[in-house]
1. Note down the relative contact order for the chain as a percent, whole number, built from C-alpha pairs under 8 angstrom at least six residues apart.
2. If I model a spin label as a point 7 Å beyond the Cα along the Cα-Cβ vector, how far apart are those points for R122 and K541 in nm?
3. How do K541, K345, K2 rank when sorted from fewest to most other Cβ atoms within 10 Å of their own Cβ?
4. Taking the Cα-to-Cβ direction at T470 and at K136 and moving 7 Å from each Cα, how far apart do the two end points lie in nm?
5. In whole Hz, what ³J(HN,Hα) sequence does the stretch 112-118 give by Karplus (6.51, -1.76, 1.60; θ = phi - 60°), x for Gly and Pro?
6. Quick one: 3J(HN,Hα) in Hz for the stretch 335-350, Karplus 6.51/-1.76/1.60 with θ = phi - 60°, rounded, Gly and Pro as x.
7. Treat every Asp and Glu Cβ in the chain as -1 and every Lys and Arg Cβ as +1, leave all other atoms uncharged, and give the resulting dipole magnitude about the Cα centre to the nearest 20 debye.
8. Arranged by the count of other C-beta atoms within 10 angstrom, fewest first, what order do V370, V334 take?
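What follows draws every value from the coordinates through simple rules; no lab data is involved. Predicted model, so just to flag it, every value in this text is computed and none were measured. Methodologically, a virtual Cβ is constructed for each residue, glycine included, from the backbone with ideal geometry; neighbour enumeration extends over all protein chains shown.
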Amino acid sequence: MKGADILIECLKSQGVGSVFGMPGTQNNLIYDALLRCGDGVIDHYLVRHEWAATKMADGCARAGGDVGVALTVPGPGASNAATGILEAYSDCVPVLLITGQSNSKFYSKDQSKMFHGLDQMRFFEPCTKYCAIVRKVEDIPVAIEKAFHEMRTGRPGPVVLEFPSDVVSSEADVVIPPRIKRAEGPAPKPNDIRSVAEILKRSKMPVLFAGSAVVSAGACTLLRKLAEKLNAPGAVSRRAKGALPEDHPLAIRNSYGFLAGQAFQRADCTLVIGVRFTSVDSSYWSIDFPRPMIQIEEDTREIGREYACDFSVEADLKLTLEALIEAVDEREDVWTPALEEFRKKFNTQPPLPILPEIREVLPEDGIIAVDVCSLGYGSFAEYPVYRPETFLYPCIAVSLGYAFPAAIGAKVACPDKPVVCFIGDGGFMMGAAELSTAMKYGINVVTVVVNDGALCAIKGSQKKGFEGRTIGTELHNPDFVKFAESFGAYTARVEDLSDFKAILQNALAADRPALIEVPMHDRQEELVTYIDWLHSEPLRKGASI
């Protein structure tokens, strides 16, 4: 069997059902194998720019709960795809980027002199969980097995594999490895569980803080059960939004938001579960989490890394939560009066426009991909999510334009669920060409474009920081409706926000890719009032749009 065929058979064995990418000279052998060996099993989606390939794979991975795969040529194809790899790395998403390469006999040459030359291992090593060059055809199954083990075990992350042309054209008899399953980590030590239970028993008002590792471990139900038994409120990191259903009376949403901030001030103990303490989730490590702090973590490198902890459990998250639920005493409810007080204050804010209507229209399992935009910032605190893997956002690297290709990938992974992309005009134009991909394959994403004619958040921050001066933030946009119509998409323009809900319902029922433009050129100043990081007050006071 040829190396390229071995590669595709290995991907099939791992359950890969979709690949996003673009063919070219150094990956044509892989593409031919995909056509011959993957037909009817692995669907290929041609992107118009490799920048979108890894973002689509990212959205596919987040919404589908498994590995997303992208395929590009090396050099400029891979470097174009690097933004999505960086996003997957910082957000801990299992994305596999496969690249072709020239004949391996040229590895000794200066890569800057090579066609599509790039030392990809040096380039990608800082932003991948694992990257490798497959040097021999016999090593293809080994490399794929290693890659999927890394992506499905512990805290996920992206992988890059490079395949020289002579390797994928060579032949060998190999054994295709079976599907790699998530490996169970070590069980918690009974003494550690007893110690945690004792610390929690001594506290009067404990609070939980959960990270995305809870989601990747499949432990969200256990998180809810533990919160209920302790009668303790739970905050989450950005990437863990929905791990605790946000209509649950104990859910206090994002860790740096108003509700969690109020709870942290009242609490006397923090139980941290699978949290990386990123700059955003910790407000640049300024949040004073209540002590004592207990840290439960599978990745021992994260124990005490950003915050010193008073006690730690280094073990499998599911096994640890199961043991804790058995070990802790059921506590009486002491938090409800305080939580009701916090929510009453929080609800005095004027509601965000547009997002509440999207929430009303989408079912609980409906997926929304939110981009970096003036209204998108508020979605963490004010767009309730009821299930994990239904809210997509570039949480840490925060790459503008992420939401549209990610929404396409999410719809590929979950074709029976409605998927909405909520994005600003600046972000949409970065990947607008992928409307071609959506139309070509009938990927029925509904994209809501807020058209305010500016990079509104950056403009607002410039005005605030530089005596009203701004530069490089005004946009020249196309007619978005005519643009989308030229591809054959369903389109609508919202002239009155009171009509938005009905327009969205019609777009979701249109059974083809759709674009809804929401003009807001004359409301830039109002939009700035919805950007939490531009204001010193914890709650918004401006009038509703």
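1. This gives 13 percent for the chain.
2. With each label placed 7 Å out from Cα toward Cβ, I get 5.5 nm.
3. Lowest to highest Cβ neighbour count: K541, K345, K2.
4. Going from the T470 label point to the K136 one covers 6.1 nm.
5. 5, 9, 8, 4, 6, x, 5
6. Whole-Hz 3J(HN,Hα) from phi for the stretch 335-350: 8, 4, x, 5, 5, 5, 5, 4, 5, 4, 5, 4, 7, 6, 5, x.
7. Working: 57 positive and 71 negative charges, 114 e Å.
Value, rounded to 20: 540 debye.
8. By the 10 Å Cβ count, ascending: V334, V370.
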